[in-house]
Each structure stands twice: as structure tokens, then as C-alpha cells.
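To keep things clear, I will list the structure first and then write my remarks on it.
The values are calculated or read from the model by the stated rules, or taken from the named source; none is laboratory data. Because the structure is a prediction, the values reported are computed rather than measured. All Cβ positions, glycine included, derive from the backbone under ideal geometry; neighbour counts span all protein chains shown.
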Amino acid sequence: MKTDDLIASLVADHPSRMQPVWLWLLAGLFAALPLSAAIFMMSFRMRPDLASAIYNPFFDFKFVVMLVLASVSAALSLHLSRPGASLERWGWLLAVPAGLLGIAIVADFAVPQRNSWTARLVGSSAMACMASIPLFAVPFLAAALWTLRRGATTRPMLVGALAGLMSAGLGGAIYAVHCMDDSPLFVATWYTLAAVLVAIVGAFVGRRVLRF
Amino acid sequence: MSGQEHEWTDLMRSANAGDAAAYHRLLSAITPVLRASARRGLLRAGQSPDQSEDIVQDTLLAVHLKRHTWDPKAPFAPWLFTIARNKLIDALRRRGRRVFVDIDDFTDVLPGEDAPEPANGVDVAAHLQLLPPRQRDVLQAIAVDGLSISETAQKFTMKEGTVRVALHRGLASLAARAREELS
């Protein structure tokens, strides 16, 4: 085909306006929410003491840190959706959820506790946590990777990993409604491990599907 | 930054505002530069510059389909050269080499020193034949036969909206096929 002919067809297609990537990502995550929620309803109940747990700052903190992780990862993945963009200027944002966890752990040691710190770290549901968060994250991860394809990243593996962290953050927030372990030590260990797992999956899928 | 690059940025801004003529001018203006840098990149990698037109067409498709990822506050040229570099690396990788491409190959926006003759792209033409019939017919009518959207709609007794959708999907599948060859 002659290049001039191709250009003519591109100009003819110019009125097709493309929506920004963030809009697609947001729509995709919202579409995945009922699916993740349905998986949750089928496998777990909300914790029985939910009504009183919301007054426990360590319970509330789990949602804060998971949603901050999801937001930061979403923002960074959108930033990297422009060709040639790098994490140089904004990568430090990933330290925000980690820093929040650090502060919460200090607070955890500062207040009187019934259980030893090792018991709080090991908790009562580590395996359930490790298995459920990735499970709840899957619909979000699929939606994030699918919609981020509309961007043009030159860092497909990194954006895939960020999509994984974003999905794990959202999956973790859903799991937190069930999870009886509120200690930040537990969150820092098991929620983080689960998030790393999803990030690794996201990185490898992203490397394949996010090329443009 | 050269005046040419400022001109590209202005053209792309006008294009984003809906000016199709500006878009045509922009694509025509960047093509010789893309052609020269593709040839240079192939030669540096010890490859024949024959396939440079395929790289040019791949790059133009990507520019078109990803133009919403250009930040209108930023200059256009660095965005363009990142995409062009990406497409050159893809083309070289398709031939089974691990490559490192120097970004400097692209930052020189003078049209090619030896002003290469435009050749025909082979890949896009081959991929075109593999498209679903409706997308292929519409693309062929608009690209090769030079028909407008409304003329194409009349020719195939389709609605104009349907022609537009088929055109856009056709272009997106052309880009997708070039990518699939990689994996």
C-alpha cells in the first residue's frame, strides 16, 4: 500500500475521537466491582462484629491503606500510559502506602495489646487472606489491563505490575470486610504478599498485552 | 527545538480541535522524516533499508490510534520519536535480534540526507487482505480508491456511521496484526 493512501484513510478516520485512558480505566474498574463483590458474597460473609469494628481505627486503616495503594497505582499507570513517560518524578508516590503502613505499625506497638506481636503478625486467617485477595483482584486486573491497552506505554511490564497493585488494593479492600485480623503487622505481611503476587501476574500479562 | 517541530505541535493542536486539513498536513510532513530515520535505523542495525516503508506505515498507524496519549501541553516531536523508535525496535525484533536503538537516530528532524524515494509498504497491504470483508472493502475504497466516507457508503449501500465504524476497526486491526506478528 502507498503511504499516501494510508494517510488518506487515517485522515478520513480523524473524526473518531478517542476517550482518555483514565475514563476507560475508571469505567472498567466500576464494571469489575459487581463481579468481585459477587465472588465475595459466594465465598465469605462480612465479619459478624462489623457494626462495632468500624469504630476500631486499625480496622478502618485497612481500607485506607488498600485504597491509597489502588489510587497511587492507578495514577502511576495512567501517567506511564503516555509513550516515553518514566517513574522518575512520580515513583515516590508508591512510598505513601508503605509509609502509612509504617506509621500504623508504630501505633500498633504504642497501644496496649492483648496478644504478642508475633501472634498479631501471624493472625488467624493468613492463608485465607493470601488466597482471597488475588481471587477478588482478578476481575479488577482483567479490567485494568484491558482498558490500559488504550494507552501507549513504553513500559508494559511496569504498567502491568501497577495494574496488579491497583487490583490487589481493591481486592484487599473487599477482603477487609471479612478479615478478622486488624493488626497493621498482619496487613503489612499478608496483604502485602498477596499484592506482590498479583503484581507479578500483572507484570507478566502486561508485558504481553500492553505492547502497542 | 527547530521551527519545524513547533509547526508540528501547532498542527497537532489544530488537528485535535477538529481540523482535518491540519491533520493531513501533519501526517504528510512527518512521513519523510520518519522514512529517513527508519532507513537510518535499519542501516545501523546492519539491515537492508527495504522495509523502511513498513516501519513508516506502522508508525503512522500507531500515531493515529494513540494520538489521544499525546499531552497537548508538551511538544509533539518527542512523543512522535518515542513511537517511531518503538516501531523500529519491533521491526528489528521481528527479525529475531535483540537490539539497542539510539534515541539520537530520531532527534535529527532534517529530512533524510539522501531523500529516499517513497516505496510501497508490503506488510499493511498483506494484512489488509486478512481483514474481515467489510473492513477490508471500506479501507480499500477509502485508501486505495480515494473515495470519501459518503461515496463509500453509497458504493456499498451502507450507512455513513457504519462506514466510519468499519474504517476505524479496520485501522485498529491492521495495527493489531502488525503487533501479533511479534509474539
### Message
Among the residues that make up the range A:11-18, is at least one of them outside any loop (DSSP other than H, G, I, E, B), touching a Leu at 6+ places or on another chain (Cβ under 9 Å) and of a type outside the set (Gly, Ala, Ser)?
### Response
yes
### Residue under evaluation residue A:52, criteria (1) under 25 Å from residue A:104 (Cβ atoms); (2) touching a residue at least 40 places away in the same chain (Cβ under 8 Å), criterion not met
(2)
### Task
Considering only residues that are away from chain A (no Cβ under 12 Å) and basic (Lys, Arg), look in the range B:1-44 and name the one that is surrounded by the fewest Cβ atoms within 10 Å (Cβ to Cβ).
B:44
### Task
Taking the residues in the range B:49-75 that are polar (S, T, N, Q) and farther than 13 Å from residue B:178 by Cα as candidates, determine which candidate is farthest from the other protein chains (Cβ to nearest Cβ).
B:51
### Task
Specify which of the listed residues (A:1, A:41) is free of Cβ contacts under 8 Å to residues at least 24 places away in the same chain, among the aliphatic types (A, V, I, L, M) and within 14 Å of chain B (Cβ to nearest Cβ).
A:1
### Message
Quick test for you: out of A:130, A:166, A:180, pick the one residue that is surrounded by fewer than 19 Cβ atoms within 10 Å (Cβ to Cβ) and either closer than 30 Å to residue B:90 by Cβ or touching a helix residue (DSSP H, G or I) at 6+ places or on another chain (Cβ under 7 Å) (or both).
### Response
A:130
### Task
Determine the pairs where a residue that is more than 8 Å from every other protein chain (Cβ to nearest Cβ) and assigned to a loop (DSSP other than H, G, I, E, B), located within the range B:76-97, has a partner that is surrounded by fewer than 24 Cβ atoms within 10 Å (Cβ to Cβ) and polar (S, T, N, Q) with Cβ atoms under 9 Å apart, the partner being 6 or more residues away or on another chain.
B:95/B:47; B:95/B:51; B:97/B:47
### Task
Looking only at the range A:186-200, count how many residues are aliphatic (A, V, I, L, M) and surrounded by 21 or more Cβ atoms within 10 Å (Cβ to Cβ).
5
### Query
When you scan the range B:149-183, how many residues do you find that are surrounded by fewer than 18 Cβ atoms within 10 Å (Cβ to Cβ), at pLDDT below 90 and of a type outside the set (Lys, Arg)?
5
## Note on the structure
By residue number, the members of the range A:173-199 that are within 26 Å of residue A:151 (Cα to Cα) and in contact (Cβ under 8 Å) with a residue 40 or more places away in the chain are A:195, A:197, A:198
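Is there a residue being out of contact with any Lys or Arg (no Cβ under 7 Å at 6 or more places or on another chain), among the small types (Gly, Ala, Ser) and either more than 10 Å from chain B (Cβ to nearest Cβ) or not in a loop (DSSP other than H, G, I, E, B) (or both) anywhere in the range A:45-53?
Yes: the range A:45-53 contains one or more residues that are out of contact with any Lys or Arg (no Cβ under 7 Å at 6 or more places or on another chain), among the small types (Gly, Ala, Ser) and either more than 10 Å from chain B (Cβ to nearest Cβ) or not in a loop (DSSP other than H, G, I, E, B) (or both).
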